[in-house]
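Below is one structure, written out as structure tokens; comments come after it.
The values are calculated or read from the model by the stated rules, or taken from the named source; none is laboratory data. All values derive from a computational prediction rather than experimental measurement. Cβ atoms come from the backbone with ideal geometry, glycine included; neighbour counts cover every protein chain shown. These accessible areas exclude ligands, DNA and RNA; they are computed on the full protein's heavy atoms, side chains included. Shrake-Rupley method; radii C 1.70, N 1.55, O 1.52, S 1.80 Å.
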Amino acid sequence: MTPVLKTVHLVKIYSDGAVPVPAVRGVDLQVEPGEFVAVMGPSGSGKSTLVHMLGGLDSRTSGEIWLDGQRVDTLSESAWALLRRKKIGFVFQFFNLVGNMTVADNVELPALLAGASPKEARERRESLLGALNLTERADAAPGQLSGGEQQRVALARALANQPSVLLADEPTGNLDSRNTRDVLKLLSNVHKEGQTIVMVTHDARVAGLADRLVSLFDGEIVDDGRIARKRTRTAGAVIDLR
Amino acid sequence: MRLHLLALLAKEPAHGYELKQALEQTFGSAYPSPNIGQIYVTLGRLEKDGLVKAVDVEQSNRPNKKVYYLTAKGRETLTLWVDEPTEGPRVRDEFFMKLVLAPLTGIADRMALINRQRRHYLSLMGDLNDLLSRTAPDDHVQALLIEGAMLHLQADLDWLERCQEDLT
């Protein structure tokens, strides 16, 4: 099976300042189809830089990035952008919705850009907004929505083009627990349907959905392994009530 | 468990098995199901201390059952428990002891310990996610207990990160 994503000794050094700052220092990562990978680490460990490079939002300094068996880091800017529309969904801590378009259009746009027919785009939008309890908000402008609702719209948008991989950077960073619950439910469902996900997060609840954890420290992978299921029967196994 | 039983008996007299059921119904699967033997032992001790009294109730074609009720002294003890602030969680963390002491012995390094522990916490978190998704929406006691457990785990993970920053 071709990995969805692969990096070979990926390096990012920021050299805007007086002193070059290495943010990612030789990351070798391979993500198989259907995997849900959580990326954790202290701030400054390079995790955001890593997923931004995977999504083509930040350029690499050296190393290779492969997407669905194709090397992408050597593509031209425009070729990479084109591929990205088809194959990558991105969701950030801040939602970056288009303010003068309705919620429905925000979600349909990426599918249309990726080449879906208007009918397909509409159906996909309806099912995603439905899953996120946002059907009634379809005609609203993003500015009329609460932060939690906007983030759910952003997630719907990221999934609209049925991407090969969903990349996320702290997607529940500023959500209250009810909104987080809706986001968790959708992530868990799309993952069960086979969606590949790579997600940077501090939120243990979201990370707990993943089946693999990659820990970064000082720009390097210091741990990479499966998250086992323990079959805890009761919350009492975690909190001792007695 | 002494005070939990006293609280249940303050509502109404009950026998041991009814107390077990009341605990299970109140807390659902969030609470480790109490062992009936442990309940009887606890009731025995409460009786010896004068906090509850038992009366024998005859049952047709079964042995008598003991129904327990709260004494005035029992109610006083219960009131004291309810009125005083409850001790917060203390950090008496077995993992932290390992983390500090193990490298001294050369058995393990801290980075490896932290990484393994992080995955362990996340696997617990995954289970709690499952448990929460199987919890009925109106079962607030169980849902809150699970959410509490999740917040504790989140704090443990944040602490782990602090340990990683300062100790490795």
Residues in the range A:147-171 that are open to solvent by 10 Å² or more (accessible area, probe 1.4 Å) and of a type in the set (V, I, T) total 0
- Kindly check whether there is at least one residue in the range A:16-28 that is within 16 Å of the chain's Cα centre (by Cα), open to solvent by 50 Å² or more (accessible area, probe 1.4 Å) and of a type outside the set (S, T, Y). no
A:M101 vs (1) assigned to a loop (DSSP other than H, G, I, E, B); (2) open to solvent by 20 Å² or more (accessible area, probe 1.4 Å); (3) touching a Lys or Arg at 6+ places or on another chain (Cβ under 6 Å): all pass except (3)
Within the range A:60-80, residues being open to solvent by 30 Å² or more (accessible area, probe 1.4 Å) and without any contact (Cβ under 8 Å) to a residue 40 or more places away in the chain number 8
B:P34 meets each of (1) in a helix (DSSP H, G or I); (2) within 11 Å of another protein chain (Cβ to nearest Cβ) with one exception, condition (1)
Restricting attention to the range B:37-65, the residues that are part of a loop (DSSP other than H, G, I, E, B) and small (G, A, S) number exactly 2
Legend entry - Test: residue in the range B:45-65 that is modelled with pLDDT under 90, open to solvent by less than 100 Å² (accessible area, probe 1.4 Å) and closer than 30 Å to A:R205 by Cβ: no
Next on the checklist: Taking the criterion of being open to solvent by less than 40 Å² (accessible area, probe 1.4 Å), at pLDDT below 85 and within 29 Å of B:V141 (Cβ to Cβ), would at least one residue in the range B:14-29 satisfy it?
Outcome noted: yes
Picked from the range A:215-229 (must be hydrophobic (A, V, I, L, M, F, W, C) and within 7 Å of chain B (Cβ to nearest Cβ)), the residue nearest to B:A112 (Cα to Cα) is A:V222
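Conditions tested, residue by residue: (1) open to solvent by 50 Å² or more (accessible area, probe 1.4 Å); (2) outside any helix (DSSP H, G or I).
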| position | (1), (2) |
| --- | --- |
| B:P85 | yes, yes |
| B:G88 | no, yes |
| B:K98 | yes, no |
| B:A108 | no, yes |
| B:L113 | no, no |
| B:L122 | no, no |
| B:G126 | no, no |
| B:A149 | no, no |
| B:Q164 | no, no |
Within the range A:126-142, residues open to solvent by 40 Å² or more (accessible area, probe 1.4 Å), assigned to a helix (DSSP H, G or I) and touching a residue at least 24 places away in the same chain (Cβ under 8 Å) come out as A:A131, A:R137
Those residues of the range A:47-84 that are touching a Lys or Arg at 6+ places or on another chain (Cβ under 7 Å) and on the phi > 0 side of the Ramachandran plot come to a total of 2
Within the range B:119-168, residues being more than 8 Å from chain A (Cβ to nearest Cβ), in contact (Cβ under 8 Å) with a residue 12 or more places away in the chain and not hydrophobic (A, V, I, L, M, F, W, C) number 3
Condition set within 16 Å of A:A207 (Cβ to Cβ) and open to solvent by 70 Å² or more (accessible area, probe 1.4 Å), scope the range A:225-242, selection modelled with the lowest pLDDT: answer is A:K230
| request: For A:V51, indicate whether it is in contact (Cβ under 8 Å) with a residue 12 or more places away in the chain, of a type in the set (V, I, T), assigned to a strand (DSSP E or B) and closer than 26 Å to A:R212 by Cα. | output: no
